[in-house]
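Where a number appears in this text, it was derived from the coordinates with a stated rule and is not lab data. What you see is a predicted model; the values in this text were computed from it and never measured. Every residue, glycine as well, gets a Cβ built from its backbone with ideal geometry; the counts of neighbours run over all protein chains shown.
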Amino acid sequence: MTNNSQRILIRGVNWIGDAVLTLPAIRAIRTAFPDSHISLLVKPWVSELFHENRDIDEIILYRDSHKGIRGRLKLAGELRKKKFDTAILLQNAFDAAFLTWLAGIPRRIGYKRDGRSFLLTEAIPVETDILKQHQVYYYLNLLNSIGIKASYTEPYIRLSRSERVWARNLLSLKFPDQKKPLIGINPGAAYGSAKRWPPEKFAQVIGKILTGIHGRVIIFGGQSDIEIADEIVNEISNLKIKSTIEEYMSNLLIMAGKTNLRELASLIAECDIFLSNDSGPMHMASALLVPVIAIFGSTSPVSTGPSGRPHKIISRDIPCSPCMERECPEKHLRCMTGINTEEVFTAMQEMLPVNKAVFLDKDGTLIEDKNYLNSFDDLVIFRGVKSSLKKLKDAGFKLICVTNQSGIARGKVDREFVIDSNTFLQKKLSIDDSYYCPHHPDEKCPCRKPEPVMMFKARNEHKIHFRSSYVIGDKESDVLLAKNTGATGILLSSTPLFEDSCAGFIAKDLNHAVDWILEQER
């Protein structure tokens, strides 16, 4: 695939969890072909995952009306009109190859499976070793086999600012105290009962959350999980919790059967921890960079565990697990019943975000903005910064620097200098950690401010509680970064140009901002 400007069709997969695991492969295709038109063909129930995905130009729905030979001919005709040059089939089915063959797409690439090799122009053999790795690598291997450089990246689901604000507003109506821990619970699993931890055990953990850490709980699920959610609520009612039913119900929100996929993602993104069976929502949580506690029984965490970190997998090492069966063949579910609630709750306590932080922009906030700083000779720390940051440290805040450094991609700044200057500032100013985005804005990466990935990584590595934290910067992108994470944004500005800013406070300089934060803490 040498032509960088072409029309590429990706046939996506049909299950939500699998679809999440294809995101790094789709990102790799976009990186390899930045100027190409990329379309994704998927079933309607999966399509919402990709609505804000910047690697895709077009989503084509494979509807129920496309079933049968007449429906397939109709869809093939629609695809033919779009004049695709290449089809990359992430789905393994014969139908995917048959459809793209019918559509007359000249180059058809996919794994050599399901008896479809004769319909593909490039049928890639499935090596035994790739099946032993995480499923993310299964899709990346297909691309590497045809010469596309596809290295591992964490799956990432992008949410719009309005979606994040919608979720935050909904939660604020239900839960007045937004600083309490928020735990998401996903007790269902579409594959079968062998993947489901018993409802009474979920109920016991929820009881511990409500009383042990005074947390808030959201129970998630689809329409098919409403009965499970009701059973959990009934089990909670039977627990000997010291508080009244009204008190614990005020910290419990049932959303099973009440959300579409985008709403589900938006609410999951607000959670501090997500407790789940092996399921689509589990993979969504990991792709939203929410710490996951995943309970595994009949399936293998090696191939389908939550991707990335800092997740915790809880399972039992017994001879019959993983059996990969939908229902337990021996009817005892030892792999699930053997997992005790104390173990799960202890893991949760260890993962809770307990630290407050101040996230700091670099150029124009800590140091003078020299327009692509690339020399220590030009690095000038603003007056009073060191003493102001010491006040924050003394008040118990972690200090995290988050900075866009597109000068690296533009060829104006050396990456090593960025790393060295960050290290210098960390030592000089007692900053705990630094994160930078090296990408050009045109790359539409998920880490460039105001996108929140740098802050998410910092949260997961330093156990930071966003709703108790602040972001300080001299650009509106810094304020929007705060908006995207639930932190409070502070804009540094000595002029009234930003009077329409969504900042929580506008300060004349860093010292002014720090004094305001300390006043809020009092």
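Some notes on this structure:
- Each Cα pair under 8 Å and six or more residues apart adds its sequence gap; the mean of these over the residue count of the stretch 357-521 is a relative contact order of 23 percent.
- Span from the the stretch 397-425 Cα centroid across to the the stretch 1-72 one, whole angstrom: 34
- In the stretch 1-85, the trypsin sites (Lys or Arg not before Pro) that fall in loop regions by DSSP, at most 14 other Cβ within 10 Å: R54, R63, K67, K82, K83
- Among M351, M336, M249, M284, sorting on how many other beta-carbon atoms sit within 10 Å of each Cβ, with the fewest leading, yields M249, M351, M336, M284.
- In the stretch 7-144, lysine pairs with alpha-carbon atoms under 25 angstrom apart (chain gap of 8 or more, or interchain): 14
- Just so you know, the Cα atoms of the chain work out to an Rg and Dmax of 24.8, 73 Å.
- Cβ crowding within 10 Å, taken as a proxy for footprinting-reagent exposure, orders S303, S224 from fewest neighbours to most as S224, S303.
- Two-site label geometry, N355 and S494: point separation in nm, points 7 Å out along Cα→Cβ: 3.3
- Kyte-Doolittle mean at least 0.0, axial Cα span of 24 Å or more - DSSP H helices of the chain: none
- Checking the cross-link pairs K174/K483; K174/K444; K390/K444; K179/K449; K457/K508; K208/K463 against a 26 Å limit on the alpha carbon distance flags K174/K444; K390/K444; K457/K508 as lying beyond it.
- Label-to-label distance for I226 and F376 is 6.6 nm, based on points extended 7 Å past Cα in the beta-carbon direction.
- The length gained by stretching the chain between T121 and K444 to full extension, at 0.36 nm per residue less their Cα-Cα distance, is 113.1 nm.
- Of all lysines in the structure, those lying under 21 Å Cα to Cα from K201, and not within fewer than 8 positions of it along the same chain, are K240, K242, K312, K331.
- Note on the stretch 139-189 and the stretch 450-487: Cα centroid distance 15 Å, given to the nearest whole angstrom.
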